[in-house]
Each structure stands twice: as C-alpha cells, then as structure tokens.
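Everything below concerns the one structure shown next.
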Amino acid sequence: MDVDTGTDDAVAIMFAALHPDIDLVAITTVNGNVPLEQTTDNTLRVLEWIGRGDIPVYAGMNMQIARQDFPAPRAKRRDPKVHMPVLPLPEPKGSRQATSAPQFLVDAFGTEPGMTLVAVAPMSNLATAIALDPAFVGNVVELVIMGGGIFRSNMTASAEFNVWADPEATAVVFSAGFSKITLIPLDATHQARVSLAQCAALRELDTPASKVAAEVIEFRIHGYQLNALAGEVPDSAPVRDALCIAALLEPSVIDLRRVNVVVETVGEYTIGATVIDHAFLTKREPN
Ligand code: RIB
Ligand code: CA
C-alpha cells in the first residue's frame with residue numbers, strides 16, 4: 001500500500017493488515033494529507049497499535065515530482081476537520097526502513113511479481129518508481145487507486161485531492177501502461193458511507209483496531225457535518241481509502257467500466273481534474 005495517513009488511510013491499513021485473506025507485504029508513505037514525516041509517523045503508529053509492527057514502512061517523496069507549489073501557494077493541505085495531523089495513538093517505537101519508497105517498490109515488485117499495489121495518496125512515489133525503472137510497470141499485476149472523480153471533487157471545483165496534489169505524477173501513472181488500473185473515484189466512495197451507528201457497533205467489538213477505527217471515522221463524520229453540503233447524508237461519511245481494500249476482497253462492491261482517463265495538468269481552472277471518457281466520446285484507448 002502507498003499511503004498518506006490520514007484518517008481514511010488508517011482504516012484502510014488496519015483493514016488490510018488484519019484481514020486473513022490479505023498478505024500486506026509493506027507500506028510506502030508519501031507527502032499528502034500531512035507532510036511526509038507525519039504520514040510516516042502516523043503509519044507506524046497505526047501498525048504498532050494493532051500489533052502489526054512487523055510490516056515494514058518505507059518513506060518516499062516529500063514533494064511533487066514537478067511542482068514546487070504544494071501546499072502553498074495553490075492551497076492548504078487536506079481539511080483538518082477530516083484529517084488529524086497526528087493520529088491519537090502512542091508514539092511509535094519502531095522506525096521506517098532505510099530504503100526509499102520508490103526504490104523499494106522497484107525492488108519488491110521486481111523480485112516478487114504477482115503482487116497488487118494499492119495507492120491511496122498522491123502518486124509521487126509511483127511516478128518516481130517508474131522513472132527509476134520503467135520495468136516496474138510490468139511487474140504490477142493490478143494497481144488500485146483511490147483518486148479522481150466523475151461528478152465530484154473535493155479540492156477545487158474540478159479536482160480530487162490525490163490527483164490534484166501531484167497531477168504530473170498522476171499523468172505518468174495513467175499513461176505508463178499498467179496492465180490493470182482500478183480507479184475508485186470520489187463518486188464511488190460516497191456510496192460506501194459509514195454511519196455513527198456503525199461506529200458504535202465497531203466500538204462495541206472492543207479491539208484496538210475497532211476502537212481507533214470508530215474514533216477516526218466519527219471524527220470524519222463530524223468534519224463532514226461541519227462542511228455540510230446540500231444533499232449529503234447526515235451522520236455518516238465516506239471512508240474513501242478503505243473502499244479500495246473492500247473492492248479487492250469483494251469485487252462485487254464496485255461496478256467497473258473500461259474507460260480512458262487522463263489528467264489535466266495545464267488548465268486555468270482545472271489542474272488535477274480527471275477527464276474520464278465515460279461516454280466514449282474520444283478515440284483514446286481505455287487505460
Ligand atoms: O480525496 C480523498 C483522498 O485524499 C484520500 O486518499 C484521503 O486520504 C486523501 O489522501
Ligand atoms: Ca489517503
């Protein structure tokens with residue numbers, strides 16, 4: 001998994017790390033919801049809290065591959081009402097691995113073909129791995145990404161955060177020739193909301209993972225309520241990154257269409273917009 005932990009990343013990590021049908025080999029971290037140091041620290045906290053400190057964590061890119069302008073001056077980082085800078089968990093005892101995330105990705109997929117990569121963060125690590133070794137692309141069986149939107153956006157009027165934060169990296173990934181990319185857009189995550197009642201049920205399980213999942217999801221629900229938009233479902237919130245793990249385990253939770261997706265990198269108002277040819281209006285090949 002490539003993450004920028006992050007409240008929903010934390011839930012996705014726990015889901016994958018504890019599910020018996022998933023062998024979570026490693027986690028790579030990147031600049032995103034919070035700076036790299038903090039996404040890495042938060043990831044270590046989550047893993048140790050649930051007794052999976054054995055899963056190695058590799059830190060990667062602390063900024064975008066081409067731009068110098070994130071977070072300032074384009075915009076602030078993710079909404080602090082939805083993402084906590086520091087997760088409410090004990091300080092980690094362990095530390096990151098010495099190898100950089102992009103190098104680890106190249107090495108790991110090169111020696112162990114057949115693995116799936118789940119990317120729920122800006123794609124700076126992935127694009128850098130491709131630049132280090134283009135053969136990396138052919139070694140990934142499936143790339144599952146939380147990113148983009150068809151009719152929804154959450155960073156600008158046209159862009160979703162993971163794509164917007166490093167649009168050039170996203171463009172590299174979308175055009176790299178991966179054999180299978182499953183893109184889970186904002187639209188899908190809004191149909192997979194978790195409610196306050198479900199948080200209460202989670203808390204009743206009384207496990208380390210269930211308690212922290214309940215806490216961070218309730219935090220998200222509260223944040224979404226503060227930001228309330230007309231038409232939002234009350235007392236619930238999408239837990240976006242976790243839907244990628246759910247879809248891996250149970251493909252029937254999502255509907256897939258093979259379409260072409262490109263990302264806007266030069267628009268005056270549309271940097272980071274995913275242009276999804278859902279009506280097959282172009283001659284661009286599905287990617
Ligand atoms: O836009 C939602 C995405 O941005 C999620 O991955 C969230 O964790 C943030 O990275
Ligand atoms: Ca994320």
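No lab work stands behind these numbers, since they all come straight from the coordinates. Since we're looking at a predicted model, the values are computed, not measured. Here the Cβ is made from the backbone with ideal geometry for all residues, glycine too, and neighbour counts use every protein chain on show.
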Check residue 182: other-chain or 5+ apart residues with amide H under 5 Å from its amide H, H built from backbone geometry?
-> 143, 144, 145
Could you give me the ³J(HN,Hα) list for segment 124-133, computed from phi with Karplus coefficients 6.51, -1.76, 1.60 and θ = phi - 60°, whole Hz, x at Gly and Pro?
-> 4, 5, 5, 5, 5, 4, 5, 5, 5, 7
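Please compute the net charge surrounding residue 115, taking Lys and Arg as +1 and Asp and Glu as -1 over other residues with Cβ under 14 Å from its Cβ.
Once all neighbours under 14 Å are counted, the net charge is -4.
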Of 60, 239, 150, whose Cα points farthest to the positive end of the dipole of the chain (charges on the beta-carbon: +1 Lys, Arg; -1 Asp, Glu; origin at the Cα centre)?
-> 150
In the chain, what percentage of the DSSP-assigned beta bridges are antiparallel, given to the nearest 5?
-> 30
Mean Cβ neighbour count within 10 Å, used as a protection proxy, ranking 3-13, 173-183 highest first = 3-13, 173-183
Run the numbers on segment 2-276 and let me know its relative contact order in percent, using alpha-carbon pairs under 8 Å that are six or more apart.
-> 21
Loop only per DSSP, at most 10 neighbouring Cβ atoms within 10 Å: give me the chymotrypsin sites (Phe, Trp or Tyr not before Pro) in segment 195-287, ordered by residue number.
-> 269
Please work out the C-alpha center-to-center distance from segment 245-259 to segment 7-52 and express it in whole Å.
-> 21
Checked the chain with the C-alpha gyration tensor, a ≥ b ≥ c its square-rooted eigenvalues, rounded below a/c of 1.5, otherwise prolate if a/b is larger than b/c and oblate if not; verdict rounded
In segment 77-149, the trypsin sites (Lys or Arg not before Pro) that sit in a DSSP loop and have at most 12 other Cβ atoms within 10 Å of their own Cβ are 93
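So between residue 206 and residue 265, what do we pick up on full extension, going 0.36 nm a residue minus the alpha carbon distance?
The residue 206-residue 265 span can extend by a further 16.7 nm.
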Taking every other residue with Cβ under 14 Å from the Cβ of residue 207 and scoring Lys and Arg +1, Asp and Glu -1, one gets 0
Virtual spin-label span in nm between residue 81 and residue 157, 7 Å along Cα→Cβ | 2.1
